[in-house]
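> For reference, the structure I am asking about is given below.
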Amino acid sequence: MENEFTVRSMRYDYGVVFEQDFRTEIREILESEKCVFLIDRNIWDKYGLAELIPQESFLVTLIEAVESNKTIYGVIDVWNKWEKAGITKKHKVVVIGGGILQDIGAFASSIYLRNIDWYFFPTTLLAQCDSCIGSKCGINLHEFKNQLGAFYAPKRIVIDTHFLNSLSDQDLYSGMGEILKASLTSDVGFYHRFRDIVLSGRDKAELENLIRDSLMVKKEVVEADEFEKDYRRVLNYGHTFGHALEAYTKNEIPHGAAVTLGVDMANFIAWKKGFISEEEYRDVKLVASKLFRFKFPENVDMDRLFIFMRKDKKSEGEKVNFVIPKRLGELQILPMSLDQGLKVMLTEYFQESHEIYRN
């Protein structure tokens with residue numbers, strides 16, 4: 001399998017490379033002299049990057065990867081540092097971290113001096129298997145996720161799967177929620193492969209192949225509809241429910257795990273509306289239950305959950321364009337009202353799912 005591929009974009013094409021040691025690419029970037037770094041504080045310490053990147057020569061901003069930093073105030077702090085250091089359009093912004101660092105770095109780079117080139121070294125499974133390509137970035141507004149955003153792709157993405165060795169099982173399985181979504185997005189054969197890998201316990205050994213397969217699914221979609229005018233909306237499968245659950249639990253359920261439940265919730269609706277069979281719903285639920293490693297939400301307040309759904313970018317007042325399966329491997333956009341009928345349906349979902357996920 002090739003170690004590099006290109007994603008076609010309206011703005012510019014950008015490369016994705018699988019590298020055995022990310023330090024090789026960093027050293028090449030350092031030779032350009034004009035570069036600035038945004039790095040996950042935990043990664044900086046864990047990988048001894050102080051020995052690789054001389055802070056006396058390069059501006060390094062260390063950021064704690066928490067949602068509270070993914071705001072306009074966090075971005076302004078980055079801009080202030082860049083302005084004080086005299087960063088120009090000739091500089092390269094190098095981002096090393098997961099999705100939170102990616103969103104901060106991409107958003108800051110897209111606005112500063114009307115845009116400045118940035119390079120991305122994703123360090124989490126979520127970022128490596130999904131968010132690193134597609135150009136989208138978003139920051140939070142108050143308690144609502146990704147309300148401010150832009151489309152601004154990195155010039156180059158370097159994936160070193162050795163970063164994943166330092167992740168907890170919870171972080172790894174959270175990331176697999178996005179792979180589950182990708183596996184059900186276009187080719188049901190991918191889902192069957194993923195299902196077999198998860199149920200056999202070979203998931204960690206197959207991570208690099210799963211990352212590649214997931215990115216190939218997303219690459220096909222974003223190249224067809226980069227700016228989410230129509231087709232790309234299928235990538236929001238599981239995300240309307242997932243984002244609402246993230247906010248509802250104050251991020252106790254992180255993004256990938258929330259997407260796992262979001263996919264399951266979307267499938268429940270698809271079953272109840274007759275698009276997929278109960279057998280298919282239960283089959284995917286079995287895989288989802290193996291991936292979800294967090295406390296399942298109890299006694300969900302539907303009124304409060306609906307508040308977060310109304311803030312979803314796909315919301316149109318009391319209606320939301322949900323992505324649900326037409327059949328496994330084929331998704332559709334289904335407008336649904338945030339009404340009593342949906343509350344009853346989701347209440348039934350949580351009641352029937354509680355024992356499965358608790359165990």
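The values are calculated or read from the model by the stated rules, or taken from the named source; none is laboratory data. Note that the structure is a prediction, hence the values are computed from the model and not measured. Virtual Cβ from ideal backbone geometry, glycine too; neighbours counted across all protein chains shown.
> Keeping to the range 48-99, report how many residues are of a type outside the set (Gly, Ala, Ser), touching a strand residue (DSSP E or B) at 6+ places or on another chain (Cβ under 9 Å) and touching a residue at least 40 places away in the same chain (Cβ under 8 Å).
Number satisfying all stated conditions: 16.
> Keeping to the range 333-353, report how many residues are in contact (Cβ under 8 Å) with a residue 12 or more places away in the chain and over 12 Å from PHE268 (Cα atoms).
Number of matching residues: 8.
> Could you say whether any residue in the range 259-266 is in a helix (DSSP H, G or I) and in contact with a strand residue (DSSP E or B) (Cβ under 6 Å, 6 or more places away or on another chain)?
yes
> Pick from GLU246, GLU178, GLU208: which is among the acidic types (Asp, Glu), within 30 Å of GLU298 (Cα to Cα), touching a strand residue (DSSP E or B) at 6+ places or on another chain (Cβ under 9 Å) and assigned to a helix (DSSP H, G or I)? Write out each step before concluding.
Numbers: GLU178 fails: touching a strand residue (DSSP E or B) at 6+ places or on another chain (Cβ under 9 Å); GLU208 fails: within 30 Å of GLU298 (Cα to Cα).
Exactly one of GLU246, GLU178, GLU208 is among the acidic types (Asp, Glu), within 30 Å of GLU298 (Cα to Cα), touching a strand residue (DSSP E or B) at 6+ places or on another chain (Cβ under 9 Å) and assigned to a helix (DSSP H, G or I), namely GLU246.
> Just to be sure before I move on: is ILE72 modelled with pLDDT of 95 or more, of a type outside the set (Ser, Thr, Tyr) and touching a His at 6+ places or on another chain (Cβ under 7 Å) in the structure I sent?
On the way: modelled with pLDDT of 95 or more: yes; of a type outside the set (Ser, Thr, Tyr): yes; touching a His at 6+ places or on another chain (Cβ under 7 Å): no.
No.
> Exactly one of these conditions fails for ILE276: (1) assigned to a loop (DSSP other than H, G, I, E, B); (2) crowded, with 16+ Cβ neighbours inside 10 Å; (3) at pLDDT below 90; (4) over 20 Å from the mean Cα position of the chain (by Cα). Give me its number.
So the condition that ILE276 fails would be (3).
> Among the residues of the range 1-28, how many are among the hydrophobic types (A, V, I, L, M, F, W, C) and modelled with pLDDT under 95?
Going through the range 1-28 one residue at a time, the tally reaches 2.
> Here's another thing I want to ask about it. Give the number of residues within the range 5-31 that are loosely packed, with under 15 Cβ neighbours inside 10 Å, part of a helix (DSSP H, G or I) and not basic (Lys, Arg).
2
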